[in-house]
Amino acid sequence: MVLMADLVTTAPIWTFGTFRLDMQQQALFDGQRRVRLGGRAFDILRALVEQSGELMTRDALEARVWPGVFVDDSTLRVHVAALRKVLGADDAERRYIVNVPGRGYVFAAPVQRIDGPGAALPAPRPAESRLPPTLVRMLGREDTLRDLAAQMAQRRFMTIVGPGGMGKTTLAVAVAEALSERHGQDARFVDLAPLSDPAHLATAIAGTLDVPLPSGEARDLVAALRGRSLLLVIDNCEHLVDAAATLAETLLAGLPGLRLLATSREPLRASGEWVHRLSPLALPLAGPLTMAEAMRHAAVQLFHERAAACMDGFAPGDAEAPLIAAICRRLEGIPLAIELAAPRVEFLGLAGLAEGLDDSLSSLAAGRRTALPRHRTLRGTLDWSHALLEPAEQALLRRLAVFRGSFTLAAAHDVAGGPQANRGDTMEGLASLAAKSLLSVDISGEVPRYRLLAMTRAYAAEKLAATAEEPEVAARHARLCLATLVGAERDWEVLERSAWLDRHAAWIDDVRAALDRCFAPNGALETGIALAAASAPLWFALSLGQEFRARAEEALARLPHTALRGSEVELTLCLSAGAAIFNTRGPTPEMATLSARALALAESLGSTLHQLRALWALARERYVQGDYHGALGFCERFAAVTDACGDIPETLVRDRMMGLGLHLVGRQAEARRYAARTLGHPAEAFRNTHKSFHEYDNRVAARSHLSRILWIQGEPDAAAAMAAEGVEQAQSLGYPPPLCYLLSFAACPIAFWNGDFSAAADYVSLLLDQSANLSFGYWEGWRRLHGQVLDFARADADTRPRIAMQLRSLPLGALQADLLGTFDPLLASPLALRRAAEHGDTWCGPEILRGEALALLQRGDGAAAAETLHRALELTRRQCALGWELRVATSLAEHDLPGERRRAALDRLEAVRARFKQGVATADLRHADALLAAP
């Protein structure tokens, strides 16, 4: 269905070079690629192109683009610079916009104007558009499609409203296809039918758009989508209408590049909404008519097509035309009702079908049926269709209602087949239900997949709830989910994350539904607890840690009253819940308690793998709490268990953990050997650790640790390169937690230590984006901290003390306080200074002591300051911490020392400086060089 001829325009198109400026679409194309361009930049380009070759003064441009609004010169320059970048301003052969100093701008390239119908040059449909395939021909909606496509080209938000089964989805997809082809806009489709909880609405949309959103918050979805040009179709909004309205307003307000097309049984009543009420298909009037006359009406065309599809030789003549017309009128022209009824002609004939419809609808009140809720009509149709099924088909249909998404024959047999059924019976039942339009079938994959339409699923669920078999069917569904996810966890070993998600992500709605039923009264509680444990990798892979945490906490609360107390299920839940808590709330006491419980269970059950996971969690908790020696203790216990079992993948994690633990307590030379060895493990080992330690990626974490060690040992350039490599690796994963980890603990700190504030700004911006999408409380704290440090670094000397005071007054944890004190002596908080005095032999001890010494100097206590600096210097040498040693030696050389003592301090600084083989552009080396060069 291509509507290019129906969507022509008489608005001009301007062409220059490889570009096409389309006034109808308000868009710029480079070849067939749509170029992202802001509204103001587009207006500037249009003004310049329309007067190509002529000078446009700054005043004229500003009056055209910002009428009645005062703007300074820099605003126009910024937009022109953005335009030049888009058009290729650095290419000497393609200089489009020329600046006339002091006067204005000229569009210098040759321009051609195209007018008339031929101006509308369609862009190809974007490869990224993901709309459901059109498997059947849409009938009777051609005029509506044309009108809606034209309206949506001008409007941003429309809802197609009508009763269930009216064809809203089919029409919406067709409109989206036409707009995507016409405007080159990325079109996506979200079916809300599987959702029962409005809290998951934003998450469902984020999943369709490949955006992680564990918080489920609309504001975070806006942040994740900012800058994208999208056409979003949101289908089946009626059961979540309030939440859908609120989300629509939020998205449209925050995303100027978004068009929204919704379907619902009632208007959303949201700001900016245009409503199109979808009418039934055209029906013939009562009275004599021929078959040719009847076929002029869309309802009859649909009936004829669907009946012929399931019955060879269906060729009604003039004698049958009135009866067919009467059937279509009885069905009120509702497409779904017609599709359900037409296949029954094969078994009942036209007369029997008409009679059956009369009996089925007899319970409706007399009078005009259109005055009644339309779902009553569809319920009547479904009641009638259900009554025509064989008892085994009825049982199969109602049992299939437990599935929230699509399912295979094998899944249907396990859940809905019943204890007496064989696989052949289930296959025949599915085929029969599909033939009667009660199931949709997708044969595009390796195996056929079946799906109940939303209306049919709701109807079947009511039927299931009215039977005594509902608890058992729900339990079988939960056991199927459990078995599937146990198998999915094994796939971690052999599949990349994207391939794993392609195979298993669709199960999340079924897992949600199964857990809800299991935790309901009389539900299969133990199965639900086991499912919560087994589903952890799926929740983490989908970045749904916040939702999983709530599920895991509920399972743990109910577990003591079951036979699962003390089992591997409890062990797994403790570990996974602890990981979810860490990412959402940070290293809370609850996380430490769960990890300790997991370790005790793992030891009692003799599970080496779970012992390692528990020790890893405990080491991480101690590290973030600032107990570095405690963290090293757990790392050493991890190493002992690993060495005893000799498993190669866990040996990789051992090396990484030992590298981190030794680094934290200042044993940098030993730490470096372990950390460097981590990167030398074979790729297979990295893949295998993905299963057991899926919360973080070892390739990323290893580079985080090694880059910090390299910097402290006096290799700042290598450290920055290692951190950048880790960022690139983390970005390729498409999973934010590893990237947040590396940015928070390595990339941002190293950029600050090097004085590379440009790189720091890029990393802080990236951390802002990633942590905003995650909305994890723990990472939000880190993003705020680094953002304020960047403000401090960019501030002038008068402003810095005020920002430093704000930073020191933040409710910081021990690790954050330590790290903050290494960025500048002004930022050393009382907590960091106290910790350095009590535990100087830590990774940052020398630098915090230097900060204390400088504070003593400011207070006029030179003797105490010198003593503290010499203590810090001695500590740097014990730790092989050349990076800190340079700073301490520099501070000693700057100290107001008499004669020979000053000369000795400068000689010491010169000797330390000579040991550096890189980093000449870093702030510390520039400072030292300037001091040594001074007379």
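The values are calculated or read from the model by the stated rules, or taken from the named source; none is laboratory data. Just so you know, these numbers come straight off a predicted model, no measurement behind them. We place every Cβ from the backbone using ideal geometry, glycine too, and count neighbours over all the protein chains shown.
Among the residues of the stretch 606-621, those identified as farther than 18 Å from residue 582 by Cα and assigned to a helix (DSSP H, G or I) are 608, 609, 611. Against the test of being surrounded by fewer than 21 Cβ atoms within 10 Å (Cβ to Cβ) and modelled with pLDDT under 95, the options 584, 608, 642 yield a single qualifying residue, 608. From the list 461, 514, the one residue that fits, being surrounded by 19 or more Cβ atoms within 10 Å (Cβ to Cβ), small (Gly, Ala, Ser) and in contact (Cβ under 8 Å) with a residue 40 or more places away in the chain, is 514. Taking first residues from the stretch 558-575 that are outside any helix (DSSP H, G or I) and partners that are of a type in the set (D, E, K, R), the Cβ contacts under 6 Å between residues at least 6 apart in sequence or on separate chains come to 562/526; 564/526; 564/570. Residues considered: 259, 265. Of these, the only one that is surrounded by 15 or more Cβ atoms within 10 Å (Cβ to Cβ), among the basic types (Lys, Arg) and at pLDDT 90 or above is 259. Selection of the stretch 392-416 for residues being among the polar types (S, T, N, Q) and not in a helix (DSSP H, G or I) yields 406, 408. Restricting 766, 807 to residues that are closer than 25 Å to residue 731 by Cα and either modelled with pLDDT of 85 or more or outside the structural domain of residue 587 (by TED's automatic domain parsing) (or both) narrows the list to 766. Scanning the stretch 123-165 for residues that are closer than 13 Å to residue 236 by Cα and either in the same structural domain as residue 444 (by TED's automatic domain parsing) or at pLDDT 80 or above (or both) yields 159, 160, 161. Within the option set 472, 553, 489, being touching a residue at least 40 places away in the same chain (Cβ under 8 Å) and either more than 13 Å from residue 576 (Cα to Cα) or part of a helix (DSSP H, G or I) (or both) holds for one residue only, 489. The residues listed here are 886, 909, 892, 882; of these, the one that is surrounded by fewer than 22 Cβ atoms within 10 Å (Cβ to Cβ), at pLDDT 90 or above and within 22 Å of residue 933 (Cβ to Cβ) is 882. Assess whether residue 110 counts as being at pLDDT below 85 and either of a type in the set (D, E, K, R) or over 29 Å from residue 151 (Cα atoms) (or both). Spelling it out, residue 110 is indeed at pLDDT below 85 and either of a type in the set (D, E, K, R) or over 29 Å from residue 151 (Cα atoms) (or both). Report yes if residue 595 is surrounded by fewer than 17 Cβ atoms within 10 Å (Cβ to Cβ), among the hydroxyl-bearing types (Ser, Thr, Tyr) and either in a loop (DSSP other than H, G, I, E, B) or in contact (Cβ under 8 Å) with a residue 24 or more places away in the chain (or both), otherwise no. So residue 595 fails the test. Taking the stretch 428-454 as the range and being in a helix (DSSP H, G or I) and surrounded by fewer than 20 Cβ atoms within 10 Å (Cβ to Cβ) as the test, the residues that pass are 428, 431, 432, 434, 435, 454. Counting only helices (runs of 4 or more DSSP H) that sit wholly inside the stretch 732-842, those with at least 2 residues that are charged (D, E, K, R) and surrounded by fewer than 21 Cβ atoms within 10 Å (Cβ to Cβ) are 757-774, 777-794, 800-808, 830-838.
Here's the yes/no breakdown for (1) within 25 Å of residue 13 (Cα to Cα); (2) at pLDDT 80 or above:
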{"site": "51", "(1), (2)": "yes, yes"}
{"site": "54", "(1), (2)": "yes, yes"}
{"site": "64", "(1), (2)": "yes, yes"}
{"site": "74", "(1), (2)": "no, no"}
{"site": "78", "(1), (2)": "no, no"}
{"site": "83", "(1), (2)": "yes, no"}
{"site": "95", "(1), (2)": "yes, no"}
{"site": "102", "(1), (2)": "no, no"}
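Residue 723 meets each of the listed conditions (1) among the aliphatic types (A, V, I, L, M); (2) buried (at least 23 other Cβ atoms within 10 Å of the Cβ); (3) under 29 Å from residue 765 (Cβ atoms); (4) at pLDDT below 90 apart from (4).
Within the stretch 476-501, the set of residues being small (Gly, Ala, Ser) and modelled with pLDDT of 95 or more comprises 478 only. Test residue 510 against the criterion of being within 18 Å of residue 477 (Cα to Cα) and touching a strand residue (DSSP E or B) at 6+ places or on another chain (Cβ under 9 Å), and give yes or no. Yes.
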